[in-house]
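To keep things clear, I will list the structure first and then write my remarks on it.
The values are calculated or read from the model by the stated rules, or taken from the named source; none is laboratory data. Computed from a prediction, not measured in an experiment: that's the story for all the values here. Note that each Cβ is placed from the backbone with ideal geometry, even for glycine, and that neighbours are counted across all protein chains shown.
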Amino acid sequence: MEDLQALAKRLMALDDKLTDCMRCGMCQAVCPMFGASGMEADVARGKLALIGNMAHELFRDPESLGDKLGRCLLCGSCQAACPPGVKIMEIFREAREVVHSYLGLHPAKKLIFRQLLARPKLFNAAMSIGAPLQKLVFRSSQDSQGTVCSPMLNFMLGDRHIRPLASQSLHAKVGALDERASVGQLKVAFYPGCLGDKMYTNMGLACIKALHYHKVAIYMPSSLACCGIPAVSSGDGQGMVNQLKVNLNLLADKSFDYLVTPCGSCTSTIKELWPEYAERIDAPSKRAAEEISKKTMDINAFLIDVLHVEPKANKEGVKVTYHDSCHLKKSLGVTEQPRKLIQANGKYTLVEMKEADRCCGCGGSFNLFHYDYSRNIGQRKRDNVVASGASVVSAGCPACMMQLEDVLSHNNDNIQVKHPIEIYAESL
């Protein structure tokens, strides 16, 4: 009875959030999923209508409901374009959690989100074992991206070309950092994110190099957990809470001026979602999460807005174009800072691509369960990158970097993918 009452309350709360939708269709023009499928059910307007009838759908066919809600990248394009400002992403996250709490989370997801990603030492150990063993199942894609593929695993992974695990993780290379700040010196908590620690280690090293160059002290424990966005996107609020507890334990009582990350998804999750989910733990955790949220910045914004790194004019350098990651631009409003950071390296010339802020098609777990649509959306991004004439494409989120590497590799494009911080660090 208590479970039914809790479900009823959550459904009523969702109904209250739906009332502002005018069914105007502005979301249709910007939705990457609709652009790929052409189906009204894939537009935010269609999903909101589905959620409006959620109680009936939940009891009639919950599996189908979950599948329909999963056909969304959670890129936030619809919310950014919504005239009445409906909190569409909040509604979608809550709806997914309702469905999966009713159905029960898949055992594999429960193991990953509530155990593996919430136990950093176990996760680190698993990845360190997996790094040398990956050569047994993956082979080089023979491209300029340095990606690998695995035909024998296509039934599970699709025909993906992906960045291999780093032979040595970032935390293994540099160890745990807790540097002492001199008088007048800033100290930051550096949150590299899972991909920054275990795959894009050059990006993480570039961040550390840039911070040290500007005499910023760093606090980076070796046992940070995942930020929680994969669990949230999959409708697992408890998995998010488990991971959040680990991170708050490492960050809550530490003294630092800012928390900086090179991942747009991590940054938006820490700023916007940690306080919300910390409320499920207890009042002290919520206060701690709110304090951390106030201090959290994207690494590009930190270098430009706080450290005042200046761009340089150069019309004859290596051409680089920039992709606006969805969470970075649409959630955080960070758009000019990465461009200025790229321009701070006088050896590069920034050229704009068409539809720079259109989703690349990754969408985290969306890429795993709807790879055909992900590739379709990514191809449009690839075409815009190539049309720009750039030999380098930059993005402020490693998940977007993975997607760009995949689509560029499949098209045999000789275009490098770099984070803005990597480009900037080259000049130091």
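Quick notes on this one:
- Residues (buried (at least 24 other Cβ atoms within 10 Å of the Cβ), hydrophobic (A, V, I, L, M, F, W, C) and in contact with a strand residue (DSSP E or B) (Cβ under 8 Å, 6 or more places away or on another chain)) located in region 403-428: 404, 408, 417, 423
- Top-ranked residue in region 297-328 [being out of contact with any Cys (no Cβ under 8 Å at 6 or more places or on another chain), surrounded by 23 or more Cβ atoms within 10 Å (Cβ to Cβ) and of a type outside the set (A, V, I, L, M); ranked as farthest from residue 261 (Cα to Cα)]: 321
- From the list 218, 208, 162, the one residue that fits, being modelled with pLDDT under 95 and either surrounded by 17 or more Cβ atoms within 10 Å (Cβ to Cβ) or outside the structural domain of residue 145 (by TED's automatic domain parsing) (or both), is 162.
- Qualifying positions in region 342-380 - under 20 Å from the mean Cα position of the chain (by Cα) and either under 16 Å from residue 418 (Cβ atoms) or among the hydroxyl-bearing types (Ser, Thr, Tyr) (or both): 356, 360, 365, 371, 373, 374
- Conditions (1) out of contact with any strand residue (DSSP E or B) (no Cβ under 9 Å at 6 or more places or on another chain); (2) over 13 Å from residue 402 (Cβ atoms): number failed by residue 140: (1)
- Taking the criterion of being over 17 Å from residue 74 (Cα atoms) and touching an Asp or Glu at 6+ places or on another chain (Cβ under 8 Å), the only residue of region 368-380 that qualifies is 380.
- Residues of region 7-26 classified as exposed (fewer than 11 other Cβ atoms within 10 Å of the Cβ) and modelled with pLDDT under 85, total: 4
- Filter pass, residue 194 being in contact with a strand residue (DSSP E or B) (Cβ under 9 Å, 6 or more places away or on another chain) and in a helix (DSSP H, G or I): no
- Cross-chain or 6+ apart pairs with Cβ under 8 Å, region 55-77 first and farther than 21 Å from residue 372 by Cα, then small (Gly, Ala, Ser): 57/64
- Residue in region 391-406 that is under 21 Å from residue 191 (Cβ atoms), of a type outside the set (A, V, I, L, M, F, W, C) and at pLDDT below 95 present: no
- In region 349-390, residue modelled with the lowest pLDDT [restricted to those that are of a type in the set (S, T, N, Q) and touching a Gly at 6+ places or on another chain (Cβ under 9 Å)]: 365
- So residue 95, is it part of a loop (DSSP other than H, G, I, E, B), crowded, with 22+ Cβ neighbours inside 10 Å and out of contact with any Asp or Glu (no Cβ under 8 Å at 6 or more places or on another chain): no
- Residue within region 60-75 that is among the small types (Gly, Ala, Ser), surrounded by 16 or more Cβ atoms within 10 Å (Cβ to Cβ) and assigned to a helix (DSSP H, G or I) present: yes
- Listed by position, the helices (runs of 4 or more DSSP H) enclosed by region 225-275 that each have at least 3 residues that are without any contact (Cβ under 8 Å) to a residue 60 or more places away in the chain are 237-251.
- Answer residue from region 35-53, given it is surrounded by fewer than 21 Cβ atoms within 10 Å (Cβ to Cβ) and under 20 Å from residue 15 (Cβ atoms) and is farthest from the chain's Cα centre (by Cα) among those: 53
- Number of positions in region 92-129 that are under 30 Å from residue 221 (Cα atoms) and of a type outside the set (S, T, N, Q): 21
- Flag for residue 399 being within 22 Å of the chain's Cα centre (by Cα), crowded, with 20+ Cβ neighbours inside 10 Å and outside the structural domain of residue 31 (by TED's automatic domain parsing): yes
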